[in-house]
Amino acid sequence: MTAAFLGIPAPPGVGQLRGGRPFPAAARDALADSQLRRNLGHATGVIRTKRAAAVGELDDWEQLRLAGEAIKRATMARLDDHLVRLEAEVTARGGTVHWARDAHEANAIVTGLVQATGATELVKVKSMATQEIGLNAALADAGITAHETDLAELIIQLGDDVPSHILVPAIHRNRAEIRELFLREMPGVDPSLTAEPRRLAMAARAHLRRTFLRARVAVSGANFGVAETGSLVVVESEGNGRMCLTLPETLITVMGIEKVVPSWRDLEVFLQLLPRSSTGERMNPYTSTWTGVTPGDGPQAFHLVLLDNGRTAALGDAVGRDALHCIRCSACLNVCPVYERTGGHAYGSVYPGPIGAVLSPQLTGIHSGSDDNASLPYASSLCGACYDVCPVRIDIPSLLVRLRTAHVDAARDRPLPTAEALTMAAAAWVMSSPTRFAAAETASRLGRLAGRATGRLSSLPPPLSAWTSSRDAPRPPEETFRQWWSRTRGGPAHPAGQANPPPPGGFAGPAGSAEPRGSAGPAGPAGSAGPAGSAGPAGSA
Ligand code: SF4
């Protein structure tokens, strides 16, 4: 790598890191599709249960997670060294390494390599990196047909669809839909095909076997690249990967630069974490490893394309780089309440769900409020379930908050303030004066009239409508905080600008009080909302 490579975001107009629409608009359509929600709810529920059982078998699961996190952190700190070592070892063992700054370069390299063999078709192992760069479309433009051989990827390809899950790309399709697709699009399929999973798999196998036997070139991704020996690793469940990695004469592997691990001892940790987190299995049915070229055994030409495409830009952020630790297990997708309801297409990027909401904006960059992926960090309830299941302990909620901050900061440069900025400025003005705050509390009680039927406020005027367009607000309580204080403490809440005397238990009230932000007061009646950062008592604003 040279300095010129560093920190360049993934370019627009190529690949699949950006959607055509912002997340809120795309999610609205997805939510209206009840079949999609049923498919997703069922599939994610099944995988969640399986994962929990597989993880529960290990007493040292938390230690494994800590080890995975530590290895990733140490690897990222010396990523350049490990990549140079990987390149040297691959080259020493007969392979050729190519460096691709972005999707354009990676596509051009792979296309040129395939053209050099004279082949007009190739087989592919399921690969997120090649989906990310839009390789199939680039190959098609050059007259080369790429055949997906993973069953789910085949379903996506036959349906001219795009993946909606990292591990199960066709999770949004059910068996009946897949049967119809096979009957319509798969050449030579048995017309009596049923929707039984075994029959569907047999139809796909018969279709793919013909392709495997005639393909001279294969393209794969890599789950890991082991620097100390220059070995590449692909884990999979169907055996299609093994066929692609062994039968063709030429093998081209596209690997994101963050997939390198220093040694086989490091790999051992991830080969325990990954299968239990992804498919809920103790180990992968197929773990294929290869090192350079072995005369007379397997592909006799091997090319490794190391892909940046925004990764060094993410690496430049000391905190945000944690997103590069991801081993693509998809556990965070399966527990995410937002993903479960919207599915993956709403995220636009090939990386959906919680990890997509942090990774995609980092790869593409958020330099202004209107960037393509600017809305993704808001596609989360910040419940923290993604952090709890992540095998390498990526603190996704904190990264999401950090990206939201970056998005808001980027919008500050705009000549006209956003509605959000105006609302926050107005709130700051009101909350910085006890008199204005008291008046606002009193005025807010008018909302009791609007919410008397349901106990909720479902429609507020602009700019507050931005909140109620997708959520309800609680009906203001009958009694304001000051009234509660006066009633229970026998005096006014506090003179303007002065601290209250601490009550029993040590809690001092909100605005104007001496209690630091973020303190937790005694629990009040339902529907209370404390001041910024605090969980104050009943009725406080
Ligand atoms: S962020 Fe963690 S849980 Fe999500 S896909 Fe990556 S490794 Fe798995």
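The values are calculated or read from the model by the stated rules, or taken from the named source; none is laboratory data. Please read all numbers here as calculations on a predicted model, not as lab measurements. Cβ placement follows ideal geometry from the backbone for every residue including glycine, while neighbour counts extend to all protein chains displayed.
Only one of these is within 16 Å of the ligand (Cβ to nearest atom), outside the structural domain of ASP81 (by TED's automatic domain parsing), in contact with a helix residue (DSSP H, G or I) (Cβ under 7 Å, 6 or more places away or on another chain) and over 15 Å from ASP395 (Cα atoms): TYR339, TYR378. Name it.
Within the list TYR339, TYR378, the selection yields TYR339.
Does segment 250-273 contain any residue that is free of Cβ contacts under 8 Å to residues at least 24 places away in the same chain and in the same structural domain as ARG101 (by TED's automatic domain parsing)? Even if it seems obvious, please write down each step before you answer.
Taking segment 250-273 as the starting set, the residues that turn out to be free of Cβ contacts under 8 Å to residues at least 24 places away in the same chain are 265, 268.
When the remaining residues are screened for being in the same structural domain as ARG101 (by TED's automatic domain parsing), the result is 265, 268.
Yes, segment 250-273 has at least one match.
For segment 125-198, please list each of the helices (runs of 4 or more DSSP H) lying entirely inside it that holds at least 1 residues being of a type in the set (Lys, Arg) and more than 30 Å from ALA108 (Cβ to Cβ). Can you show your working first?
Details: elements: 128-133, 135-141, 151-158, 175-185.
Helices (runs of 4 or more DSSP H) meeting the threshold: 175-185.
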When (1) in contact (Cβ under 8 Å) with a residue 12 or more places away in the chain; (2) surrounded by fewer than 18 Cβ atoms within 10 Å (Cβ to Cβ); (3) more than 16 Å from the ligand (Cβ to nearest atom) are applied to SER469, the one that fails is (1)
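Looking only at segment 243-294, which residues are of a type in the set (A, V, I, L, M, F, W, C), under 30 Å from ALA119 (Cβ atoms) and either under 25 Å from the mean Cα position of the chain (by Cα) or surrounded by fewer than 20 Cβ atoms within 10 Å (Cβ to Cβ) (or both)?
Taking segment 243-294 and keeping what is of a type in the set (A, V, I, L, M, F, W, C), we get 243-245, 247, 251-252, 254-255, 257, 260-261, 264, 267, 269-271, 273-274, 283, 290, 293.
Checking which are under 30 Å from ALA119 (Cβ atoms) leaves us with 243-245, 247, 251-252, 254-255, 257, 260, 290, 293.
Once the filter is applied, which keeps residues that are of a type in the set (A, V, I, L, M, F, W, C), under 30 Å from ALA119 (Cβ atoms) and either under 25 Å from the mean Cα position of the chain (by Cα) or surrounded by fewer than 20 Cβ atoms within 10 Å (Cβ to Cβ) (or both), segment 243-294 yields LEU247, VAL254, MET255, ILE257, VAL260, VAL293.
Residue-by-condition table, conditions (1) surrounded by 20 or more Cβ atoms within 10 Å (Cβ to Cβ); (2) closer than 30 Å to ALA215 by Cβ; (3) of a type in the set (A, V, I, L, M):
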{"residue": "ARG37", "(1), (2), (3)": "no, no, no"}
{"residue": "LEU66", "(1), (2), (3)": "no, no, yes"}
{"residue": "THR91", "(1), (2), (3)": "no, yes, no"}
{"residue": "VAL110", "(1), (2), (3)": "yes, yes, yes"}
{"residue": "ALA119", "(1), (2), (3)": "no, yes, yes"}
Residue that is surrounded by the most Cβ atoms within 10 Å (Cβ to Cβ), among those in segment 295-313 that are among the hydrophobic types (A, V, I, L, M, F, W, C) and at pLDDT 95 or above:
LEU307
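Condition check ((1) surrounded by fewer than 21 Cβ atoms within 10 Å (Cβ to Cβ); (2) among the small types (Gly, Ala, Ser)) across all residues:
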| position | (1), (2) |
| --- | --- |
| ILE327 | no, no |
| LEU333 | no, no |
| ARG341 | yes, no |
| LEU359 | no, no |
| LEU376 | no, no |
| SER381 | yes, yes |
| LEU399 | no, no |
Among ASN309, ASN284, which is the only one that is polar (S, T, N, Q) and on the phi > 0 side of the Ramachandran plot?
ASN309
With the condition being within 16 Å of the ligand (Cβ to nearest atom), I'd like the helices (runs of 4 or more DSSP H) fully within segment 387-453 carrying at least 2 qualifying residues.
396-411
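Let's see how each residue does on (1) within 12 Å of the ligand (Cβ to nearest atom); (2) of a type outside the set (Val, Ile, Thr); (3) part of a strand (DSSP E or B):
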| site | (1), (2), (3) |
| --- | --- |
| LEU273 | yes, yes, no |
| THR289 | no, no, yes |
| HIS303 | no, yes, yes |
| LEU306 | no, yes, yes |
| LEU324 | yes, yes, no |
| PRO354 | yes, yes, no |
| LEU359 | yes, yes, no |
| GLN362 | no, yes, no |
